[in-house]
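The values are calculated or read from the model by the stated rules, or taken from the named source; none is laboratory data. None of the values given here were measured: they were computed from a predicted structure. Because the Cβ atoms are built from the backbone with ideal geometry, glycine has one as well, and the counts that use them run over all protein chains shown. Please note that ligands, DNA and RNA were not included when accessible areas were found on the heavy atoms of the full protein model with its side chains. Shrake-Rupley method; radii C 1.70, N 1.55, O 1.52, S 1.80 Å.
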Amino acid sequence: MIHNSTIDQQINHRSIRKFKAQSLTTEQLTTLFTVFQHTATSLFMQNTTLLHITDEEKLAKIRQLCNQKYVGAEGDLFIFVVDLYRNQQIRQQLGQDDGRVHTTDLFMQGMDDTLLAWQNVANAVESMGLGYVPLGTINDHPLALLEVLDLPKLTFPALGMQVGVPDQNPQLKPRLPLKFTTFENNYPQNFNVAELKDYDQTVEKYYDLRATNHRIDSFTKQITGAKLDNKKIDRDQLPQLLHQQGLCLDWK
């Protein structure tokens, strides 16, 4: 395997949930914004926008919606937004109709742009000696978040990121072995859960030795547990939110 500073940084990624009580500098923010700006984009449509949340009232509301005390606390909070509004406005103001901006195809292109930008910024964050944690929880209550952010139609907050100076050094969480996740040409359909026995033991050991939250848990136990149990949650509002925002209108 090839080793260099970039690759070693990526394979040693740890989510940081405790940050020092300091915000990013202007230089650091400008760097991250510029990295975001220069991310690859589908068809050069640039269907993504980055929100840097600094308003204390909004931070408090987002923290409550995410139910995670570190969200919007120490460090800086960013929300990455799928943005078809800007291109709709360009078309309308230049005398064109909305074209395809309400289609699932265009939404997926915007999601591609947004997630590429998210990961690009994440890599830049760690290269600067900072840490981050992904925030999928921003959409735990999607309709409420939309109200807090006051976003226009044709936008969708896809993923958040809390960034700051790390104040912890968590252990490296073990991932699924490559034989279960990377294939050549064809996707094998002979999966056997029994083959995860060794990985389950590795995960159990990780939780047993972890400095905080001493739970003993395996990977398969998490998959068969409450996380994926069939229940009604606010995230089920996501299709309603997308249509409310004028997105994916061809997908009924």
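Okay, residues lined up against (1) exposed (fewer than 10 other Cβ atoms within 10 Å of the Cβ); (2) without any contact (Cβ under 8 Å) to a residue 24 or more places away in the chain; (3) under 23 Å from the mean Cα position of the chain (by Cα):
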| site | (1), (2), (3) |
| --- | --- |
| ASP217 | no, yes, no |
| GLN240 | no, no, yes |
| LEU249 | no, no, no |
| LYS252 | yes, yes, no |
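Filtered by the rule that a residue be surrounded by fewer than 13 Cβ atoms within 10 Å (Cβ to Cβ) and either in a loop (DSSP other than H, G, I, E, B) or in contact with a strand residue (DSSP E or B) (Cβ under 9 Å, 6 or more places away or on another chain) (or both), the stretch 38-76 gives HIS38, ALA40, THR54, ASP55, ASN67, LYS69. Can you spot a residue in the stretch 195-209 that is among the aliphatic types (A, V, I, L, M), open to solvent by less than 70 Å² (accessible area, probe 1.4 Å) and more than 25 Å from the chain's Cα centre (by Cα)? Yes, there is a match, as at least one residue in the stretch 195-209 is among the aliphatic types (A, V, I, L, M), open to solvent by less than 70 Å² (accessible area, probe 1.4 Å) and more than 25 Å from the chain's Cα centre (by Cα).
Take the conditions assigned to a helix (DSSP H, G or I), more than 30 Å from GLU57 (Cα to Cα) and out of contact with any Leu (no Cβ under 6 Å at 6 or more places or on another chain) and apply them to LYS179. Does it pass? So LYS179 passes the test. Go through the residues of the stretch 148-167 one by one and say whether even a single one is out of contact with any Gly (no Cβ under 8 Å at 6 or more places or on another chain), farther than 28 Å from ASP236 by Cα and in contact (Cβ under 8 Å) with a residue 24 or more places away in the chain. Yes; the residues of the stretch 148-167 include at least one that is out of contact with any Gly (no Cβ under 8 Å at 6 or more places or on another chain), farther than 28 Å from ASP236 by Cα and in contact (Cβ under 8 Å) with a residue 24 or more places away in the chain. Hey, can you tell me all the residues within the stretch 77-117 that are open to solvent by 20 Å² or more (accessible area, probe 1.4 Å), touching a Gly at 6+ places or on another chain (Cβ under 7 Å) and over 15 Å from LEU43 (Cβ atoms)? If the condition is that a residue be open to solvent by 20 Å² or more (accessible area, probe 1.4 Å), touching a Gly at 6+ places or on another chain (Cβ under 7 Å) and over 15 Å from LEU43 (Cβ atoms), then HIS102 is the only one that fits.
Number of residues in the stretch 15-35 that are open to solvent by less than 70 Å² (accessible area, probe 1.4 Å) and touching a residue at least 24 places away in the same chain (Cβ under 8 Å) equals 9. Of all residues in the stretch 146-176, which are more than 30 Å from LEU209 (Cβ to Cβ), part of a strand (DSSP E or B) and aliphatic (A, V, I, L, M)? Within the stretch 146-176, ALA158 is the sole residue that qualifies. In the stretch 132-140 there is at least one residue that is within 24 Å of ASN87 (Cβ to Cβ) and surrounded by 19 or more Cβ atoms within 10 Å (Cβ to Cβ).
Here the stretch 118-131 is the region considered, the condition is being touching a Phe, Trp or Tyr at 6+ places or on another chain (Cβ under 8 Å) and under 27 Å from PHE44 (Cβ atoms), and the residue that is most open to solvent (accessible area, probe 1.4 Å) is ASN120.
For the stretch 85-141, the set of residues classified as under 30 Å from LYS18 (Cα atoms), among the aliphatic types (A, V, I, L, M) and not in a helix (DSSP H, G or I) consists of MET128, LEU130, VAL133, LEU135, listed by residue number.
Based on this model, can you work out whether ALA60 counts as in contact (Cβ under 8 Å) with a residue 24 or more places away in the chain and within 16 Å of GLY160 (Cα to Cα)? Taking the combined requirement at face value, the residue does not satisfy it.
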